[in-house]
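Below is the structure I would like to discuss, written out as structure tokens.
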Amino acid sequence: MRDYLLTLCVTAAVTYLLTGPVRKFAIATGAMPEIRARDVHREPTPRLGGIAMFFGLCAGLLVADHLQNLNSVFDQSNEPRALLSGAALIWLIGVLDDKFELDALIKLGAQMISAGVMVAQGLTILWLPIPGVGTVALTQGQGTLLTVALVVLTINAVNFVDGLDGLAAGMVCIATGAFFLYAYRLWYGYTIEAAAPATLFAAILMGMCLGFLPHNMHPARIFMGDSGSMLIGLILAASAISITGQVDPDTLKIFEGSTRQATHAALPVFIPLILPLTIIAIPMTDLVLAIVRRTWKGQSPFAADRGHLHHRLLEIGHSHSRAVLIMYFWSALIAFGTLAYSVHSTSMWIVLAITVLSALGLVLLLLPRFSPRAPRWAEAVVPPRYRRRKPAPEPEPGPAREASAEERPPVSAGLNGSTAIGHRSRFSDRRKAGTPS
């Protein structure tokens, strides 16, 4: 654990220290796209944050290669090299896209090629545990197709959720933290050396996200761009593929009986294999809702709009930071709830805890819709903000009212930004347009 933590800290430090110079480089090269209608930020912000994250990845792999307890990962497995080669390719395409806005088909092709590069070097899915059937070995073609599909799906899910400051990096860090605990449990608890690469990938990915988050939290000074979102999405997928492709369920040696019984008993243990996909739960829900919404309005499913989940959270009344924290909460609940179920699948308290936390999350989600007000008999003992507002008395007509209206300073017609947001009650006495003075 000490070596993994050291690798994580070095990766985070390198990413954090390089993000500042990368921001200046992005500004100098003009990697600051114009603000689009669907964007939440209001000032041009540089991209290319993925450059610092990629060098953090390189630093983490370099340090791990020189640590006594981790260098065996590089000697016994080709997976770190496969990850680095695939990551370099997808990172290069992301850098070009941040600068020149590449076509979506070009990026999709690059994602598939990056996955193919990793498959060619041995990072692929070899088997799947299927309930009721047992462990099913995959052919080379089936494993390749499934690996490429998982990589492309995860990359685009991370890219899709990158809509608010700090959202993608934080959600990936949460999902990776849960996955790291699971992989470390297999490596240390069951002495399965094949789980060491996935544990190392998870530690490095957490360091990349933690080092970049201080620069990316609201208000963000730099965005990771596609060079960062596609990079961390590929590493996230590679972590799951590493365990699924290399860890043989027979090495666990904790189940007895027939193959079907063993698979049913092992199902909670294999559930965390989908932990990297927990980040897809929220963006996939958003994607389905977006397709239904746009089709219902007669628009193209690919038309951009401001109806995504993070936009809705802002419209409900949540601040930018609170919307991000709410989505953090749901990501942590899914990831660590799945992890807890894999350890103690028969414990009823886990189900109860998840239920209670889900209810709490719904309350936090809907809280801005409600203004808490105390009953009238308790208004004397509660703070003023919880008391019911008394209607303001109507002013009596007469010369005093006309004078106050004439003395009122005119309201500028050029309101914009935060100056245009406020309570309507401030302008309730304004005359309607067209009425005589």
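The values are calculated or read from the model by the stated rules, or taken from the named source; none is laboratory data. Predicted model only: the values in this text are computed from it and were never measured. Backbone-built Cβ (ideal geometry, glycine too); neighbour counts: all protein chains shown. Accessible surface areas use protein heavy atoms only, side chains included; no ligands, DNA or RNA. Shrake-Rupley method; radii C 1.70, N 1.55, O 1.52, S 1.80 Å.
Scan the range 306-314 and tell me whether some residue there is assigned to a helix (DSSP H, G or I), modelled with pLDDT under 75 and either within 30 Å of Ser239 (Cα to Cα) or small (Gly, Ala, Ser) (or both).
Step one: list which residues in the range 306-314 are assigned to a helix (DSSP H, G or I), which gives 309-314.
Okay, now just the ones that are also modelled with pLDDT under 75, so 309-312, 314.
Going one step further and asking which of them are either within 30 Å of Ser239 (Cα to Cα) or small (Gly, Ala, Ser) (or both), we end up with 309-310.
Scanning the range 306-314 turns up at least one residue that is assigned to a helix (DSSP H, G or I), modelled with pLDDT under 75 and either within 30 Å of Ser239 (Cα to Cα) or small (Gly, Ala, Ser) (or both).
Could you check the range 66-95 and list, in sequence order, the residues that are at pLDDT below 95, farther than 21 Å from Ala240 by Cα and open to solvent by 50 Å² or more (accessible area, probe 1.4 Å)?
Answer for the range 66-95, where residues must be at pLDDT below 95, farther than 21 Å from Ala240 by Cα and open to solvent by 50 Å² or more (accessible area, probe 1.4 Å): His66, Gln68, Asn69.
Another question, then. Taking Ala237, is it within 26 Å of Ala137 (Cα to Cα), buried (at least 24 other Cβ atoms within 10 Å of the Cβ) and over 17 Å from the mean Cα position of the chain (by Cα)?
No.
Criterion first (open to solvent by 10 Å² or more (accessible area, probe 1.4 Å) and either in a helix (DSSP H, G or I) or in contact (Cβ under 8 Å) with a residue 40 or more places away in the chain (or both)) does Val172 satisfy it?
So Val172 does not fit the description; no.
Kindly evaluate Val148 against the criterion of being out of contact with any Pro (no Cβ under 6 Å at 6 or more places or on another chain) and part of a helix (DSSP H, G or I).
On the way: out of contact with any Pro (no Cβ under 6 Å at 6 or more places or on another chain): yes; part of a helix (DSSP H, G or I): yes.
In short, yes.
Here is a list: Gly141, Gly177. Which entry is modelled with pLDDT of 90 or more, assigned to a helix (DSSP H, G or I) and either of a type in the set (Ser, Thr, Tyr) or crowded, with 18+ Cβ neighbours inside 10 Å (or both)? Before you say what the answer is, go through the steps one by one.
On the way: Gly141 fails: either of a type in the set (Ser, Thr, Tyr) or crowded, with 18+ Cβ neighbours inside 10 Å (or both).
Going through Gly141, Gly177 in turn, the sole match is Gly177.
Output yes when any residue across the range 271-291 is modelled with pLDDT under 75, open to solvent by less than 60 Å² (accessible area, probe 1.4 Å) and more than 21 Å from the chain's Cα centre (by Cα), and no when none is.
No - not one qualifying residue is present in the range 271-291.
Let's see how each residue does on (1) touching a residue at least 24 places away in the same chain (Cβ under 8 Å); (2) more than 22 Å from the chain's Cα centre (by Cα); (3) within 30 Å of Gly189 (Cβ to Cβ):
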site: Ala26; (1), (2), (3): yes, yes, no
site: Ala31; (1), (2), (3): yes, yes, no
site: Gly50; (1), (2), (3): yes, no, no
site: Gly56; (1), (2), (3): yes, no, yes
site: Leu61; (1), (2), (3): yes, yes, yes
site: Leu70; (1), (2), (3): yes, yes, yes
site: Glu79; (1), (2), (3): yes, yes, yes
site: Ile90; (1), (2), (3): yes, no, no
site: Val95; (1), (2), (3): yes, no, no
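For the range 192-214, check the following and say yes or no: at least one residue is touching a residue at least 40 places away in the same chain (Cβ under 8 Å), within 18 Å of Thr19 (Cα to Cα) and not in a helix (DSSP H, G or I).
Checking the range 192-214: not a single residue is touching a residue at least 40 places away in the same chain (Cβ under 8 Å), within 18 Å of Thr19 (Cα to Cα) and not in a helix (DSSP H, G or I).
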